[in-house]
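Data first, discussion second: the structure below is written as structure tokens.
The values are calculated or read from the model by the stated rules, or taken from the named source; none is laboratory data. These numbers come from a predicted model, not from an experiment. We place every Cβ from the backbone using ideal geometry, glycine too, and count neighbours over all the protein chains shown.
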Amino acid sequence: MSLNDAGQSQLAVPAVPARASRSPGRRNRSRWRGSLIRIGLPFLAGVLFLLAWEKQLFHRLLDLKIYQLPLPSAIVEAIKDNQELLLSYTRYTLTEAVLGMLAGSIAGFAIALMATAWPRWGAGSLLLVASLNAVPIVALAPTMNLWFGDGMLSRAAIVMATTTAAMAINAHKGMKMVNPLSLDLMHSYAAKKREVFLYLRIPNSLPYVFAALKINTTASMIGAIVGEFFFSSRGLGYLLSNSIKVAKMPLGWSCIVVAAVAGVLFYLIVEVLEKLFMKWHPANRT
């Protein structure tokens, strides 16, 4: 054996068997099984809940009468009989919720910008919106109706007041919690304050902003519906209040079901927008 062969034999490294990769078919089956479990289990739980409700299990447990808690079949029948009315009032309530949430979110984001740019003056504004959020909706509703009348604007103002704080606090936290190394890098390039906000602080706050928007989707529906209990002639809250007064409980529960579905769809729209505007985020790349 030559010297080169001996050197090669001494330097040879035993080959490590490569880990066998999973075949595409197995990966697809595993992904399909995971999706089935993630969707199927909640669906099955919901079906069992509705069956127990329809068989009056909750009535026996809680000692309730049929007129106090209508059966799901009666609620579905009420939705079918009042489909056009429910759709019209849902559009009205959703318009109030969306307008108020947009106004409140924009105002909260502006407050967060000021509180981050000028901490000495902006800290007080965060305390102000936090105290405003502590005021009950039932106290805000009559006041807003006196200021803006009994139209859509008063309910949008109620929603704005209830959604400003979540956006202000979350956006401010996102703008403050930047990586110190990234901030030092921006300063080393002599970046101006406006550029630091535009390229570092605002992009870093986007996950917090969308978290606040998701919170505000439910808060806006609550604010709009509760506001419609006072001085309103349209909307799901108005219909729900009148249905309870005249003991039309299936119609009242149909308002609750439609409002819940509208709130879920509103939330899903915000979630889609989050994935669209935050493709760069690691959570959306897996």
Just a yes or no: is a residue in the range 53-70 among the basic types (Lys, Arg) and under 22 Å from Val264 (Cα atoms)?
no
Name the one entry in Phe277, Phe230, Phe210 that is among the hydrophobic types (A, V, I, L, M, F, W, C) and either touching a strand residue (DSSP E or B) at 6+ places or on another chain (Cβ under 7 Å) or loosely packed, with under 15 Cβ neighbours inside 10 Å (or both).
Phe277
Any idea which of (1) β-branched (Val, Ile, Thr); (2) surrounded by 15 or more Cβ atoms within 10 Å (Cβ to Cβ); (3) part of a helix (DSSP H, G or I) is the one Val138 doesn't satisfy?
(2)
Where residues in the range 81-100 are under 24 Å from Asn145 (Cβ atoms) and charged (D, E, K, R), which of them is surrounded by the fewest Cβ atoms within 10 Å (Cβ to Cβ)?
Arg91
Given the criterion buried (at least 17 other Cβ atoms within 10 Å of the Cβ) and assigned by TED's automatic domain parsing to the domain that holds Ser232, identify the matching residue among Leu127, Leu181, Leu200, Leu132.
Leu200
Scanning the range 153-174 for residues that are of a type in the set (Gly, Ala, Ser) and closer than 18 Å to Tyr92 by Cβ, the one modelled with the lowest pLDDT turns out to be Ser154
Among the residues of the range 204-235, write down those that are of a type outside the set (S, T, N, Q) and over 29 Å from Lys275 (Cβ atoms).
Val226, Gly227, Glu228, Phe229, Phe230, Phe231, Arg234, Gly235
Against the definition (in the same structural domain as Val257 (by TED's automatic domain parsing), more than 25 Å from Ile256 (Cα to Cα) and touching a residue at least 60 places away in the same chain (Cβ under 8 Å)), how does Ala78 come out, yes or no?
no
